[in-house]
1. If you line up the long axis of helix 40-62 against the longest principal axis of the chain, both from Cα atoms, how many degrees apart are they, to the nearest 10?
2. Using θ = phi - 60° and the Karplus relation 6.51 cos²θ - 1.76 cosθ + 1.60, list the HN-Hα couplings for the range 29-39 in order, rounded to whole Hz, with x at every Gly or Pro.
3. Under 16 Å between alpha carbons: how many lysine pairs meet that in the chain, if sequence neighbours fewer than 8 apart on the same chain are excluded?
4. Tell me, what is a quarter of the convex hull surface for the C-alpha atoms of the chain, in nm² with one decimal?
5. Mind listing which chymotrypsin sites (Phe, Trp or Tyr not before Pro) in the chain are in a DSSP loop and have 11 or fewer other Cβ atoms within 10 Å?
6. Counting each DSSP H run of 4 or more residues in the chain as -39500 (n - 2.57), what helix-only mean residue ellipticity at 222 nm follows after dividing by all residues, to the nearest 500 deg cm²/dmol?
Amino acid sequence: MSRNKTNVPEAKSAMNRFKMEVANELGVPLTDGYNGNLTSAQNGSVGGYMVKKMIEAQEKQMSGK
């Protein structure tokens, strides 16, 4: 059972595109579908970098820049 549930269903495709963009930036060979061949470190780096970029964007928006 997956617990990964998007609170705003309309945002799901945008989050998937963002995830693929970040994976590409990091050089992680993420694909649509099953990614069991990737290490926890690879998958974690994608999620961690996504959070970092979202925080940076929010801070930038809050500062009015």
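1. Long axis of 40-62 versus the principal axis of the chain: about 10 degrees.
2. Here the 3J(HN,Hα) series is x, 6, 10, 5, x, 5, 10, x, 7, 8, 7 Hz.
3. 5
4. So the Cα hull casts an average projection of 5.5 nm².
5. Tyr34
6. The helix-only estimate for the chain comes to -20000 deg cm²/dmol at 222 nm.
Every number in this text was worked out from the coordinates using simple rules, so none of it is lab data. Bear in mind the structure is a predicted one, so any value in this text is a computation, not a measurement. Neighbour counts run over all protein chains shown; Cβ positions are idealised from the backbone, glycine included.
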